[in-house]
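Have a look at the structure below, then the notes.
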Amino acid sequence: MNRLSGKVALISGSTSGMGAEEAKLFAIEGAKVVVTGISKEQGLKVVDEINSRGGESLFIKLDVSSEDDWIAAIQATQKSFGKLNILINNAGVIERHSLNSTTVLTWKRVMEINSMGAFLGCKTAMPVLLKAGLGSIVNIASISGMVGVGYPAYNASKGAIRALTKIVAMEYAQMGIRVNCINPGSIETPMFDTAETEVAAQRVGRIPMGRVGQPIDVAFGALFLASDESSFITGTELVIDGGLTAC
Ligand SMILES: NC(=O)c1ccc[n+]([C@@H]2O[C@H](COP(=O)([O-])OP(=O)(O)OC[C@H]3O[C@@H](n4cnc5c(N)ncnc54)[C@H](O)[C@@H]3O)[C@@H](O)[C@H]2O)c1
């Protein structure tokens, strides 16, 4: 119950899916949680659920592709909760286009939200994490950034997050800030639900464990990496995919 006791966590894109699950789990484990995203209505629902169960959370609007939004969100977090210990760069979008049908506009949008969003999160939160002493950043990449299955813009954006994780981890390894990433496989969330049924069914059929993942499967991984239990772990990747990339 107290694995994040005394800590403050900001989770991007936590108005739905895995981010919302992480927000709820982190609050149960004692963290004060800043739920962020682009939908205030959805965000307030997550906040209400957390607070009605005795947790402490608030919603801040944050489009991760906007540096101004990041600066404002980090300032508001400090104002409300006094500090920040944990950042989960979770927000993301997928565009399901092959190389030939990927436009420059599509490529830019996916990169700006997925990889630039994670970069801006790391950069903007870092001074505040350093001020708090010990900090943990968890970037949500994907197995799509590891293998040649998927879509060029999405896969490249997730590969960029893996590389960003390692280089930021090295830069701050001696300053108390750990940076790791999670590479989920197929997880049943609103994003997964929009996949073409046939493609999704093919993927699920190949998962050695015989099922898709649930948001809580990823949230437990994020909890471990966010907590002090992983205090000697930085620059690493946690694959949560039911064994898919092992075969
Ligand atoms: N579901 C899967 O199978 C799967 C697999 C691997 C990785 N992922 C990654 O997990 C993360 C969470 O996705 P999910 O599966 O929970 O789906 P989701 O669609 O429920 O979550 C994505 C969240 O990001 C938010 N978002 C989109 N653009 C944003 C922006 N510009 N600023 C702020 N927030 C924005 C959405 O509103 C949403 O709340 C994403 O980064 C996704 O790429 C998902």
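The values are calculated or read from the model by the stated rules, or taken from the named source; none is laboratory data. These figures come from a predicted structure and were not determined experimentally. Counting neighbours? That spans all protein chains shown, and the Cβs are built from the backbone with ideal geometry, glycine included.
Under 6 Å by Cβ, and 6 or more places apart or on different chains, what pairs join a residue from the range 13-28 that is under 16 Å from M1 (Cβ atoms) and among the aliphatic types (A, V, I, L, M) with one that is more than 11 Å from the ligand (Cβ to nearest atom) and in a helix (DSSP H, G or I)?
What qualifies is L25/L223; A27/I50.
Restricting to the range 61-84, give me the number of residues that are of a type in the set (D, E, K, R) and away from the ligand (no atom under 14 Å from the Cβ).
Residues that pass the stated criteria total 2.
Which residue out of A72, A91 is surrounded by fewer than 19 Cβ atoms within 10 Å (Cβ to Cβ) and closer than 17 Å to L10 by Cα?
None of the others qualify; the one that does is A72.
The rows are residues; the columns are (1) over 21 Å from L223 (Cα atoms); (2) surrounded by fewer than 17 Cβ atoms within 10 Å (Cβ to Cβ).
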| site | (1), (2) |
| --- | --- |
| G17 | no, no |
| A20 | no, no |
| K32 | no, no |
| E41 | yes, yes |
| N51 | no, yes |
| F59 | no, no |
| T77 | no, no |
| F81 | no, no |
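Modelled with pLDDT of 95 or more and over 20 Å from A31 (Cα atoms): is that true of A160 in this structure? Steps first, please.
Working: modelled with pLDDT of 95 or more: yes; over 20 Å from A31 (Cα atoms): yes.
Yes, satisfied.
What number of residues in the range 45-60 are hydrophobic (A, V, I, L, M, F, W, C) and either more than 19 Å from the chain's Cα centre (by Cα) or away from the ligand (no atom under 14 Å from the Cβ) (or both)?
2
Return the residues of the range 99-121 that are within 23 Å of T236 (Cβ to Cβ), surrounded by 24 or more Cβ atoms within 10 Å (Cβ to Cβ) and not polar (S, T, N, Q); say none if nothing qualifies.
G117, A118, G121
Only residues that are over 13 Å from the mean Cα position of the chain (by Cα), within 15 Å of the ligand (Cβ to nearest atom) and surrounded by 20 or more Cβ atoms within 10 Å (Cβ to Cβ): list them for the range 152-185, please.
First, pick out the residues of the range 152-185 that are over 13 Å from the mean Cα position of the chain (by Cα): 152-157, 159-160, 163-164, 166-178, 185.
Adding the requirement that they be within 15 Å of the ligand (Cβ to nearest atom) leaves 152-157, 159-160, 164, 185.
Residues satisfying the conditions are A153, Y154, N155, S157, L164, G185.
Specify the residue that is farthest from V179 (Cα to Cα); the eligible residues are those in the range 85-94 that are assigned to a loop (DSSP other than H, G, I, E, B) and within 11 Å of the ligand (Cβ to nearest atom).
Looking at the filtered set, the residue picked out is I94.
Quick check, is R211 free of Cβ contacts under 8 Å to residues at least 60 places away in the same chain, assigned to a helix (DSSP H, G or I), among the basic types (K, R) and within 15 Å of the ligand (Cβ to nearest atom)? Before you say what the answer is, go through the steps one by one.
Working: free of Cβ contacts under 8 Å to residues at least 60 places away in the same chain: yes; assigned to a helix (DSSP H, G or I): no; among the basic types (K, R): yes; within 15 Å of the ligand (Cβ to nearest atom): yes.
It is false that R211 is free of Cβ contacts under 8 Å to residues at least 60 places away in the same chain, assigned to a helix (DSSP H, G or I), among the basic types (K, R) and within 15 Å of the ligand (Cβ to nearest atom).
Would you tally the residues in the range 50-68 being part of a helix (DSSP H, G or I) and under 28 Å from F224 (Cα atoms)?
3
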